[in-house]
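Asker: I have a structure here, written as structure tokens, and I will follow up with some questions on it.
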Amino acid sequence: MSSLGTRLRHVFARGDRDEVSESLDDLDDSTAALLAMLPTAPIVVDATNEVVRSNPEAYRLGVVRNDAIVEAKILEAIEHVRVTGGKCHLDVTTETPLEFLPARSDSERQSSEHSEVSRPNWIHVTVGRISDAFVVVLVDDVSERIRFSQTRDAFITNVSEQLTKPIQALQQLASRLENGQESQDVIADDARSLRLYCMHLEHTIADLMLLIKAQEQIIPNDTNRVNLLQLSTIVVDSFLPQAAQRGIELRVAGDSELSINADAEQISAALKKLVENAIGYSSRGGHVNVAVEPASDGTHAVVRVIDQGCGIAKGERDRIFERFYRGENQNDETADGVGLGLAIVKHVALTHNGSVTVWSAPRQGSTFSLILPKASA
């Protein structure tokens, strides 16, 4: 076995060959070096379960806080291996702490009408005893793998469900054409229904494909730098005719210097969903404003889409970002939606290491804020 393999075996051994001091400074150098090389996030706890060494990633994943492990299942596993020796494996789901999420303004944090989305962290944990004094916890973030698997399965399920109605409509039309006993008007009605179902399916598949694209993290580089106000202006201009038909004034303004590292197609798609919703849920003669500005933390940019529409009930705000969720406040403009628009916005934001928040109240309108890291200088 290689020296690395030998050390791995020793790390997870019962620890009765070498006495390890209570002090982390006395943790043998080769074991400490090995922990530093591991691709997972290593954590070392002492006999009192105090964290004496931790990879910063463990804090971001919500496993460690204030020099203590906060996940009850992991603490139980630590106590188990401390008594029995050996090692154990477990899977846990955590939430990223607020301090690691994009900053919000104080007014947003204090508002009861404000909601923010984040996605869970799925992590695989290995716990092993180094000695009577120390236990090591290895945290492997498997979120991307699980997220891709869930999206793939959801895509298959959702497309299958959406195919049902057009297939039934096609069968009905074929049956009537075959019998030749129905009037031309009835057949024409069936054909129109089939066309609508097909358009609905086409829209659904296009949105699902956007969801799939919005799963891989965006890596900043020189080729994906995007001026946020320019992109927002292009999106707003594309909706001017639609807004004019409903007598809605559509405006965009903001900081022309703000840039982000992004997939321009994904950000454009997310902004289109937000602007389309703002127009659809606004009353005739209303206003929709798109504002591009720096976030209060100085490291993020914010695009706010503000409408004066019907607003969202408090009980629905935490669900509107779910796939295929449709709120109760539908109207003639929004009735044909498939319920994927805000799910796309959410995943685009998270894929770009950002977030999306919503402030809303019934009959007071809504403000959706797309928060994205600013491009580095």
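The values are calculated or read from the model by the stated rules, or taken from the named source; none is laboratory data. All values derive from a computational prediction rather than experimental measurement. Cβ atoms come from the backbone with ideal geometry, glycine included; neighbour counts cover every protein chain shown.
Asker: Looking at 60, 82, 65, which one is of a type in the set (Lys, Arg) and over 16 Å from residue 99 (Cα atoms)?
Answerer: None of the others qualify; the one that does is 82.
Asker: Suppose we filter 152, 145 for residues that are modelled with pLDDT of 75 or more and either assigned to a helix (DSSP H, G or I) or buried (at least 16 other Cβ atoms within 10 Å of the Cβ) (or both); which single one remains?
Answerer: Sole residue among the options that is modelled with pLDDT of 75 or more and either assigned to a helix (DSSP H, G or I) or buried (at least 16 other Cβ atoms within 10 Å of the Cβ) (or both): 145.
Asker: Within the stretch 115-137, does at least one residue satisfy the condition of being at pLDDT below 80, part of a helix (DSSP H, G or I) and of a type outside the set (Lys, Arg)?
Answerer: No, the conditions are met nowhere in the stretch 115-137.
Asker: So, one more: Look through the stretch 290-310, keep the residues that are part of a loop (DSSP other than H, G, I, E, B) and touching a Gly at 6+ places or on another chain (Cβ under 6 Å), and return whichever of them is surrounded by the fewest Cβ atoms within 10 Å (Cβ to Cβ).
Answerer: 308
Asker: Name every residue in the stretch 252-269 that is buried (at least 18 other Cβ atoms within 10 Å of the Cβ), hydrophobic (A, V, I, L, M, F, W, C) and within 13 Å of residue 290 (Cα to Cα), in order of residue number.
Answerer: If the condition is that a residue be buried (at least 18 other Cβ atoms within 10 Å of the Cβ), hydrophobic (A, V, I, L, M, F, W, C) and within 13 Å of residue 290 (Cα to Cα), then 252 is the only one that fits.
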